[in-house]
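Colleague: Pasting in a structure now, in structure tokens, and then I'll have a few things to ask.
Any read-out appearing in this document is the output of simple, stated calculations on the displayed coordinates, not a laboratory observation. Just so you know, these numbers come straight off a predicted model, no measurement behind them. Because the Cβ atoms are built from the backbone with ideal geometry, glycine has one as well, and the counts that use them run over all protein chains shown.
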Amino acid sequence: MKILLIFATDHEAECVKEGKGEEPFRAGPHEVSVLVTGVGSVATAWAMKKWLQNYGNPDLAINAGIAGTFNENISIGEVVMPVSDCFADLGIETDTGFVPLKDTYLMESDKFPFSGGNIICDNEFTGRIKNFFRPVRAVTVNMSSGSEKTIERLKAHFNPDIETMEGAAFFYVCSMEKIPFIALRAISNRVGAAERKNWNIPLAINNLSEKLKELLTLLQ
């Protein structure tokens, strides 16, 4: 297969040593290319679209990186597989609080690629690896959540397991372009301002590296 590995930052991409150059590398029978998009949904969508225009659609796209977790049952360092994601800070602010876009007249929450306001990752590849990675619900935000008020709002509206800054954009582009996709996220921290001193990015990157190797082996 022709596989595209997508990271937000060079630091996250370090977990794939072979992918430092612009040329694809081999992983068993597969040709693997690495794309570093930059942080955030806009950078991710733009970089992905440009890559697809230049090189064509891959047989599989994999988004990998670090994430924060809301779920106390998920350990720091664990690598999980987001199977749903959404743009969690798109909406309307009112005097009585935040209304997600999916609950307004501005969005048809079940119009492709959305289902109930979420984008779902469910394909032959996720089916093959679901017993190896914990499936989780993700939210994508433009600002890492650091206040209890924001955290409680996200929990109330979306009941998420993890938080990223690019995932939903990756889901969106892949869905619109009809590219099979998988996302893996290594947990570096618990979401919340009080936990920042306890972030363990080196552990997350190291575990992500190992699990990506496992994933590429499972796909052979």
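Colleague: Helix 148-158: angle to the longest alpha-carbon principal axis of the chain, degrees 0 to 90, nearest 10?
Modeller: Helix 148-158 sits at roughly 70 degrees to that axis.
Colleague: In whole Å, what are the Cα extents of the chain along the three principal axes, biggest one first?
Modeller: Taking max minus min along each principal axis of the Cα atoms, the chain gives 55, 39, 30 Å.
Colleague: What ranking of 30, 11 emerges when the number of other C-beta atoms within 10 Å of each C-beta is taken as an exposure proxy, fewest first?
Modeller: Ordered by Cβ neighbours within 10 Å, fewest first: 11, 30.
Colleague: Now for a different question. Could you grab the relative contact order for the chain? Cα pairs under 8 Å, six or more apart, rounded to a whole percent.
Modeller: Relative contact order, the chain: 29 percent.
Colleague: Please compute the Cα-Cα pair-distance distribution of the range 81-173 with 5 Å bins starting at 0, giving whole percents from short to long.
Modeller: 3, 13, 23, 24, 19, 10, 5, 2, 1, 0
Colleague: Which value, in debye to the nearest 20, gives the size of the charge dipole of the chain about its Cα centre, when Lys and Arg are +1 and Asp and Glu are -1 at the Cβ?
Modeller: Charge dipole, the chain, about its Cα centre: 300 debye, nearest 20.
Colleague: If you don't mind, another one. Multiply the residue separation of residue 31 and residue 214 by 0.36 nm, subtract the distance between their alpha-carbon atoms, and state the gained length in nm to one decimal.
Modeller: Value of the extension gain: 64.3 nm.
Colleague: Next question. Of the DSSP beta bridges with both residues in the chain, give the percent that are antiparallel, rounding to the nearest 5.
Modeller: Percent antiparallel among DSSP bridges in the chain is about 35.
Colleague: Continuing with the same structure: Considering the chain as a Gaussian network with a 10 Å cut-off on Cα pairs, which listed residue, 177, 166, 14, attains the greatest mean-square fluctuation?
Modeller: 177
Colleague: Something else now. Would you calculate a helix-derived [θ] at 222 nm for the chain, using -39,500 (n - 2.57) for each DSSP H run of n ≥ 4 and dividing by the full residue count, to the nearest 500?
Modeller: Values: 6 runs with 64 residues, N = 220.
Mean residue ellipticity, 222 nm, calculated: -8500 deg cm²/dmol.
Colleague: Could you line up 137, 185 from fewest to most neighbouring Cβ atoms inside 10 Å?
Modeller: Lowest count first: 137, 185.
Colleague: Moving on. Would you calculate the separation in nanometres between label points at residue 73 and residue 111, each defined as 7 Å from the Cα along the Cα-to-beta-carbon direction?
Modeller: 3.6 nm
Colleague: On to the next question. In nanometres, what is the gap between the two model label sites at residue 175 and residue 9, each 7 Å from Cα along Cα-to-Cβ?
Modeller: It works out to 2.7 nm between the two label points.
Colleague: Same structure, new question: Given labels modelled 7 Å from the Cα in the Cβ direction, how far is it in nm from residue 1 to residue 148?
Modeller: So the label points at residue 1 and residue 148 sit 4.4 nm apart.
Colleague: According to the square roots a ≥ b ≥ c of the eigenvalues of the Cα gyration tensor, what is the shape class of the range 134-220, taking rounded for a/c under 1.5, prolate for a/b larger than b/c otherwise, and oblate for the remainder?
Modeller: Oblate shape, in that a/c is at least 1.5 and b/c is the bigger or equal ratio.
Colleague: So if each residue of separation counts as 0.36 nm, and I subtract the Cα-Cα distance between residue 159 and residue 199, what length gain in nm does that give?
Modeller: Here the segment from residue 159 to residue 199 would lengthen by 12.2 nm.
Colleague: Here's something else I'd like to know. Can you sort 80, 139 so the residue with the fewest Cβ neighbours within 10 Å comes first? Could the numbers behind the result be given before it?
Modeller: Working: 80 23, 139 27.
Ascending Cβ contact count within 10 Å gives the list 80, 139.
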